[in-house]
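Laboratory data are not the source of any read-out in this text; all were calculated from the coordinates shown. The structure presented is a predicted model; accordingly, all values stated were derived computationally and were not measured. Cβ placement follows ideal geometry from the backbone for every residue including glycine, while neighbour counts extend to all protein chains displayed.
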Amino acid sequence: MNNVHVINHPLVQHKLTIMRDKNTGTKAFRELAYELSQLIGYEAMRKLKTELIEIETPVVKTLSPVIAGRKLALIPILRAGLAMSDAIADFIPTAKIGHIGMYRDPETHMPVEYYCKTPTDIESRDVFVLDPMLATGGSAIATIDLLKKKGATNIKFVCIISAPEGIKKLQDAHPDVEIYTASIDEKLDDHQYIVPGLGDAGDRIFGTK
């Protein structure tokens, strides 16, 4: 699959296994989502441009790299994406954070937008869309549609797990968007849940089920 990056690091896979376990409680699940978001986000930002600046260490003056170029924007899809944005913002504190609210209609399984607030200069930023799960791809596609209408041009999608069906639909709709994930799972079931998956990420993060 073009533009799909699976993070196979042993530490990532270990933490993901614990997340999947139905016996993992809310506190541990939330902490694992936070840790995995940072690890996957770290990889998603590997291609950020740098430039050399002159600094002075306690020993000598030297040229050393810093992040350069476009500023960053984190766009969590509410509500589960909030756990990911909080985690990544901890090590990229200058990133602006927008929010897009989507829910899946239980009958049609189609995304319904209920909230959208993004940085006013979204067109000049590298944008990272965050959602723990890429299942049908509907919410991801709708979110990226909105962002492109607002002028965003450099967008990456970051998730913890994904389904082949969702990846294909997202790539068909937005072939320019790179996808970063810890796992491409087997399939979607008849209810459009990822198999083997990890359940409803939002409910498990916030303890609402």
| query | Of Lys117/Lys209; Lys49/Lys148; Lys117/Lys150, which sit over 18 Å apart, Cα to Cα? | reply | Lys117/Lys209; Lys49/Lys148
| request: With all distinct Cα pairs included, what does the Kirkwood hydrodynamic radius of the chain come out to in Å, to one decimal, could you say? | output: 17.7 Å
| message | In the chain, if the dipole is taken from +1 on Lys/Arg beta carbons and -1 on Asp/Glu beta carbons about the Cα centre, which of Pro58, Ala140, Ala87 is farthest to the positive end? | response | Pro58
| By a straight-distance test (C-alpha under 13 Å), which aspartates and glutamates pair with Lys47 as possible cross-link partners, with residues fewer than eight away in the same chain excluded? | Asp126, Glu178
| task | Give me Met45, Met102, Met110 ranked fewest to most by other Cβ atoms within 10 Å of their Cβ, as a rough exposure proxy. | result | Met110, Met45, Met102
| request: Any chance you could check the Cα centroid distance between region 1-65 and region 140-168 for me, in angstrom? | output: 20 Å
| query | When Phe91, Phe29, Phe157 are ordered from fewest to most other Cβ atoms inside 10 Å of their Cβ, what list results? | reply | Phe91, Phe29, Phe157
| field | Over region 4-206, relative contact order from alpha-carbon pairs under 8 Å, at least 6 apart, % | value | 23 percent
| message | One quarter of the convex hull surface, Cα atoms only: what value does that give for region 73-173 in nm²? | response | 6.1 nm²
